[in-house]
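Single-structure report; data block below.
Coordinate-derived values only; no laboratory data. In this text, all values refer to a predicted model and were calculated from it rather than measured experimentally. Here the Cβ positions follow ideal geometry from the backbone for every residue, glycine too, while neighbour counts run over all protein chains shown.
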Amino acid sequence: MRHRFAKFLVAAVALLLPLSATVAFGPGASATAAAPGRVAFAAPAWAANTAYTAGTVVSYNGVDYRCLQSHTSLTGWEPPNVPALWTPVTGGGGDTTAPSTPGSLRSTATTSSSVSLAWNASTDNVAVTGYNVYRGGNLVTTATGTTYTDGGLAASTAYSYTVRARDAAGNLSANSNQISVTTQGGGGGDTTAPSTPGSLRSTATSSSSVSLAWNASTDNVGVTGYNVYRGGSLVTTATGTTYTDGGLAASTAYSYTVRARDAAGNLSANSNQISVTTQAGGGGGGGNKLLGYFVEWGVYQRNYHVKNIETSGSAAKLGYINYAFGNVTNGQCAIGDSYADYDRAYSAAESVDGVADTWDAGVLRGSFNQLRKLKARHPGLKVIWSFGGWTWSGGFGQAAANPTAFANSCYNLVNDPRWAGVFDGIDIDWEYPNACGLSCDTSGAASFKNLMSALRSRFGASKLVTAAITADGTSGGKIDAADYGGASQYVDWYNVMTYDYFGAFAPTGPTAPHSPLNSYTGIPTPGFDSNSAIQKLKSKGVPASKLLLGIGFYGRGWSGVSQSAPGGSASGPAPGTYEQGIEDYKVLKNSCPSTGTVAGTAYAYCGNQWWSYDTPSTIAGKMSYAKSQGLGGSFFWELTGDTTGGELITAMRNGLG
């Protein structure tokens, strides 16, 4: 993993991290509060890591907010981000003044696939925090400055744009002037096609994949990629001269051709056509476990609830759900967010089974109750409570000092009678044993093995014991720092976090895919790829059947990038909905569609932004890899990033069988 950002990032500053801390919510909450609607004093500024009681008034970005539920604040719980906890004060200092209208919206440049926009800045009584950019009336992005390049567009096509300014209180200005801009025709003056790719051939096959290679083409300006066609249909655009086509049927013949392309969109003639037959059999004997993470903080700003797992069709495809996260503190397992976990009341419309929660004494509510209802609909579905994560891994060092006491506390919490039957086991997400994550651990190479041994002893053979582990395949890296091989005897499986290798936490680049399946020429850090991690773990004695390959349902991106191929420089992170440099797949597939593949994953270049993420096609290849390696299956982070119809999870299930 690339040091700072492991998979758990949502609304925290510089991290999509869990909205999680023990919070006393519900009807019984008591507080010393200011009188509603009356603020006769300058409200104190909101601060993280501060205990607030219901009714307390604070100021944030010039807006006063009243606390709705008693809690201890965390970074990422800023009042505008958590409407369940804070509401703007009305009639006594709330900001209801909208910014002025952005002036003189104009196009400053066009290409065949992008439109660059600029506008004059708005003013506000407090401060303008951003500008909503609309294409055809649909929100495209929220820009922090007064320029934006809209990419991934069709050539010779007219697009209409408007812009609205917004402030910290969420007030929106009126629409700017509307402009219509037509993209350029494809070609840009260059009409010379690349030469034909030579000697297309198959270099390997499995029961579900075909590996291809071909000789490079030349061009008067430069070759930017190769279109790979299966049966005459475009499969992908590769940047190099190799590609592995996955998700295929066993004992089946497939035909392939390749065409080179240049920056102007000129295509070469077809290469020679080849026919390749996949092998018979089960693709290496791999397992078909499919696990997905459900994040407890998703019920807030992301508005993703357990019912969404059902309505998206994902529940029927999943075998396991990891509920993230529980805290690790004072050497014990602890509740992360009590309101989201077991206190939030769900209406009939929000509930999995259409039955509303009640406030009767002792009744289970929140996501725990919804998970119980989901399991009732899917009796084979297992739910595992995951503890730690990037933010709360600092507590594992103390836990490792007395593994037995830690295991006892975890067992008692996971099996608490209040949510009996919800959880089928425990997952440990320690980032990282005897190495550095958000903080550095010095508990020693044996600490992880000792901790997992204690957990298995306490939970017994009937409960699942799993762990999310590093995917650092470098020599002397994080896999080498702890005894993952020795600990593997105690776990049912490891979730290998094969993502977040590269990203805009290195703000100037070089651009690189955050989840490469294998290494490639020019990779910034050799060993930062999935295959290197899997092979290293196997060499440590971890059975392949106990390794699950990780997939991210999100992308990482940069802005200020001037080249489409990986390896470019950047000026900083690309804008994201919840955090700069990160965006959900469901957004990126439309806002910045894939323009190529590298190392078994996809990337996209639109405007001056460069993103990498997995698509259904690249996931098919990764699932083929998992099966060919005999892995136990695959898992993903996390459910909110998928489309409403579960596009990515469907690709995973289809690939695993």
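Please compute the length gained on full extension between Val363 and Ser475, using 0.36 nm multiplied by the number of residues separating them and subtracting their Cα-Cα distance.
This chain segment gains 35.2 nm when fully extended.
Debye sum, Cα scatterers, region 198-277, no solvent: what log₁₀ I/I(0) at q = 0.14, 0.16 1/Å?
Per q value, in the given order, log10 I(q)/I(0) is -0.42, -0.54.
Nearest 20 debye, what's the magnitude of the dipole of the chain about its Cα centre given +1 on Lys and Arg Cβ and -1 on Asp and Glu Cβ?
It works out to roughly 1080 debye.
Helix-derived [θ] at 222 nm for the chain: sum -39500 (n - 2.57) over DSSP H runs of at least 4, divide by residue count, nearest 500?
-4000 deg cm²/dmol
Which order do the peptides 351-361, 477-487 come out in when sorted by mean C-beta neighbours inside 10 angstrom, highest first?
477-487, 351-361
Helix by helix through the chain, keep the DSSP H runs that span 15 Å or more along the axis on Cα and average at least -1.0 on Kyte-Doolittle, and give those back in order.
Answer set is 403-414, 447-459, 616-628.
Separation between the Asn120 and Arg201 pseudo-spin-labels, each 7 Å from Cα along Cα→Cβ, expressed in nm?
Label-label distance for Asn120 and Arg201, simple model: 6.5 nm.
Rank-order 623-631, 451-459 by packing density, defined as the average count of other C-beta atoms within 10 Å over each peptide's residues, highest first.
Highest to lowest by the protection proxy: 623-631, 451-459.
Can you work out the base-10 log of I(q)/I(0) for region 310-431 at q = 0.17 1/Å, using the Debye formula on its C-alpha atoms alone?
-0.88
Using modelled backbone amide H atoms (1.01 Å from N, in-plane), which distant-in-sequence or interchain residues come within less than 5 Å of Ser209's amide H?
Distant-sequence amide H within range of Ser209: Leu248, Gln279.
Measuring from label point to label point, each 7 Å out along Cα→Cβ, what is the Ser233 to Val221 span in nm?
3.1 nm
At a Förster distance of 30 Å, what's the computed FRET efficiency of Ser617 paired with Leu139, Cβ-Cβ distance as r, to 0.05?
0.65
If you rank Glu579, Glu638, Glu647 by fewest surrounding Cβ atoms within 10 Å, what's the result?
Result, fewest neighbours first: Glu647, Glu579, Glu638.
What is the spin-label model distance, in nm, from Cys436 to Asn415 if the labels are put 7 Å beyond Cα along the C-beta direction?
4.0 nm
Under the classification rounded if a/c is under 1.5, otherwise prolate if a/b is larger than b/c and oblate if not, where does region 44-142 fall, given a ≥ b ≥ c as square roots of the Cα gyration tensor eigenvalues?
Prolate, because a/c is 1.5 or more and a/b exceeds b/c.
To the nearest 0.05, what FRET efficiency results for Thr97 and Ser562 with a Förster distance of 30 Å applied to their C-beta separation?
Calculated transfer efficiency: 0.15.
Longer than 20 Å from Cα to Cα, which of Lys463/Lys538; Lys589/Lys627; Lys289/Lys627; Lys289/Lys375; Lys317/Lys375 are they? Say none if no pair is.
Pairs exceeding 20 Å: Lys463/Lys538; Lys589/Lys627.
Can you tell me the mean projection area, over all orientations, of the convex hull of region 562-605's alpha carbons? Units nm², please.
If I average the Cα hull's projected area over directions, I get 3.4 nm².
Once amide H atoms are built 1.01 Å from N in the peptide plane, which residues 5 or more positions from Leu153, or in another chain, come under 5 Å H to H?
Long-range HN contacts for Leu153: Ser114.
Restricted to Cα positions, what overall size does the chain have along the principal axes? Three whole-Å values, descending.
76, 65, 47
Restricting to Cα pairs below 8 Å that are 6+ residues apart, what does the relative contact order work out to for region 198-277? Please round to a whole percent.
Contact order relative to length: 33 percent.
Quick one: which residues, 5+ away or cross-chain, put their amide H under 5 Å from the amide H of Trp86? H built at 1.01 Å from N.
Correct list: Leu68.
For the chain, what's the relative contact order in percent, using C-alpha pairs closer than 8 Å and at least 6 residues apart?
13 percent
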